[in-house]
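Student: My questions will all concern the structure given below.
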Amino acid sequence: APGAQKFIPPRADTLDDLRAAAAGCRGCELHRDASQTVFGRGDAGARVVFVGEQPGDLEDQKGLPFVGPAGRLLRRAVDDARLDPGHIYLTNAVKHFRFELRGRRRIHQTPDRVHVTACRPWLVAEFAQLRPEIVVVLGATAAKALLGPTFRVTRQRGELLPWPESAQHPEDFRRVPVDSADGVADAPPARLLATIHPSAVLRADDQDKAYEGLVADLTVAARALA
Ligand code: URA
Ligand code: SF4
């Protein structure tokens with residue numbers, strides 16, 4: 001089957017090992033047109049991991065996630081929610097930029113389920129290294145990757161949810177807590193918290209209200225860690 005799994009080094013000890021291997025991933029077609037793999041970045045000891053959709057145009061050029069306007073807004077929301085910005089890690093459900101060319105412009109296209117599924121092993125590998133306490137799921141694409149196709153962000157946002165275990169959820173996530181860290185399975189699995197994507201705040205009719213909603217959801221995570 002296609003997908004990222006065969007590109008993951010069996011003995012990756014660090015996030016840097018994973019990042020280096022991900023640079024050569026050809027687990028789906030998206031590597032062909034994008035400039036480079038955009039892997040996660042942040043504190044290796046992060047208690048909170050944010051999962052977005054995919055890199056945008058600027059992220060594709062710089063090779064770093066969340067360096068554009070959505071990233072700026074997200075960092076402001078992290079501050080306003082009183083999360084520690086030094087102890088977070090930012091990544092995406094899909095690690096190559098998917099776009100459509102219109103003239104010279106590269107227009108963002110939402111990744112399909114095949115891309116999300118193909119790329120999920122990188123996310124699983126990142127979680128296995130990071131062992132976060134809370135995974136913040138930003139928007140519908142990340143929610144589908146982590147919580148299954150029937151999850152609705154609008155209905156279940158801002159709630160701390162248990163790590164996915166029911167049949168509806170992606171099978172591979174169940175392995176994360178036991179597969180990692182030299183077989184040590186004592187760390188409790190992370191909890192998930194879904195919220196809207198920062199780009200959705202930027203597109204909202206009432207941006208202030210949408211932003212307040214994002215901060216309110218992130219505050220739930222901040223309180224849970226306090
Ligand atoms: N939007 C995302 O989902 N991820 C990024 O890295 C940038 C914008
Ligand atoms: Fe690999 Fe993910 Fe890029 Fe597809 S999007 S080539 S699975 S890193």
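Student: Under a 5 Å amide H to amide H cut-off, with H placed in plane at 1.01 Å, what residues pair with Ala194 once short-range neighbours are removed?
Tutor: Val137, Gly158, Glu159
Student: Per-residue ellipticity at 222 nm for the chain, helices alone: DSSP H runs ≥ 4 residues times -39500 (n - 2.57), over residue total, nearest 500 deg cm²/dmol?
Tutor: About -11000 deg cm²/dmol.
Student: Report the local net charge at Ala4: Lys and Arg +1, Asp and Glu -1, summed over other residues whose C-beta lies under 10 Å from its C-beta. Each step should come with its number before you reach the end.
Tutor: Working: positive: Lys6, Arg26, Lys95, Arg120; negative: none.
Net charge around Ala4: +4.
Student: Once each part is reduced to its C-alpha centroid, what is the distance from the range 6-24 to the range 130-166 in angstrom?
Tutor: Here the two parts' Cα centres lie 25 Å apart.
Student: Further question on the same structure: Cα-based Rg of the range 1-128 per 2.2 N^0.38 Å, rounded to two decimals?
Tutor: Numbers: Rg = 14.5 Å, N = 128, 2.2 N^0.38 = 13.9 Å.
So the range 1-128 has a normalised radius of gyration of 1.04.
Student: Taking the chain as a Gaussian network, where each spring joins two C-alpha atoms under 10 Å apart, which residue of Asp80, Asp208, Asp60 fluctuates the most?
Tutor: Of Asp80, Asp208, Asp60, the most mobile in the Gaussian network model is Asp208.
Student: Between Ala44, Phe66, Leu225, whose Cα lies farthest towards the positive end of the dipole of the chain when Lys and Arg beta carbons carry +1 and Asp and Glu beta carbons carry -1, centred on the Cα centre?
Tutor: Going by the Cα projections, it comes out as Phe66.
Student: Tell me, what are the semi-axes, in whole angstrom and largest first, of the equivalent ellipsoid of the range 28-75 as set by the roots of 5 times the Cα gyration tensor eigenvalues?
Tutor: Numbers: eigenvalues 82, 35, 16 Å².
Gyration-tensor ellipsoid for the range 28-75: 20, 13, 9 Å.
Student: Using a Gaussian network model of the chain with C-alpha springs under 10 Å, which one of Thr150, Thr91, Thr141 is most mobile by mean-square fluctuation?
Tutor: Largest GNM mean-square fluctuation: Thr150.
Student: Based on C-alpha coordinates, I'd like the Rg and Dmax of the range 36-104, in Å.
Tutor: Computed over the Cα atoms of the range 36-104, radius of gyration and Dmax are 12.8, 43 Å.
Student: Let me ask something else about it. Bin width 10 Å, origin at 0, all Cα-Cα pairs of the range 66-148: what percent of pairs per bin?
Tutor: Each 10 Å bin holds this share of Cα pairs: 14, 43, 34, 9, 1.
Student: Another one. Looking at the chain, do any whole DSSP H helices span at least 18 angstrom along their long axis by alpha carbon and average 0.0 or above on Kyte-Doolittle, and which? It would help to have the intermediate numbers written out before the result.
Tutor: Working: long enough: 113-130 (25 Å, 0.47); 207-225 (27 Å, 0.21).
Those that pass (Cα extent of 18 Å or more, hydropathy at least 0.0) are 113-130, 207-225.
Student: Here is a further query. If I histogram all Cα-Cα distances within the chain using bins 10 Å wide from 0, what percent of pairs lands in each bin?
Tutor: All Cα pairs, binned at 10 Å, distribute as 8, 35, 39, 16, 2, 0 percent.
Student: Moving on. Among the lysines, select those whose C-alpha is under 21 Å from the C-alpha of Lys95, and discard any that sit fewer than 8 residues away in the same chain.
Tutor: Lys95 reaches Lys6, Lys62, Lys144.
Student: Using the Cβ atoms and a cut-off under 11 Å, what net charge is assigned to the surroundings of Thr37, where Lys and Arg are +1 and Asp and Glu are -1? Let's see the in-between values first.
Tutor: Numbers: positive: Arg19, Arg26, Lys95; negative: Glu59, Asp60.
Value of the local net charge: +1.
Just so you know, all these numbers are worked out from the coordinates, no wet-lab data involved. In this text the structure is predicted, and so the values were computed from the model without any measurement. Don't worry about glycine lacking a Cβ; one is built from the backbone with ideal geometry, like all the others, and counts go over all protein chains shown.
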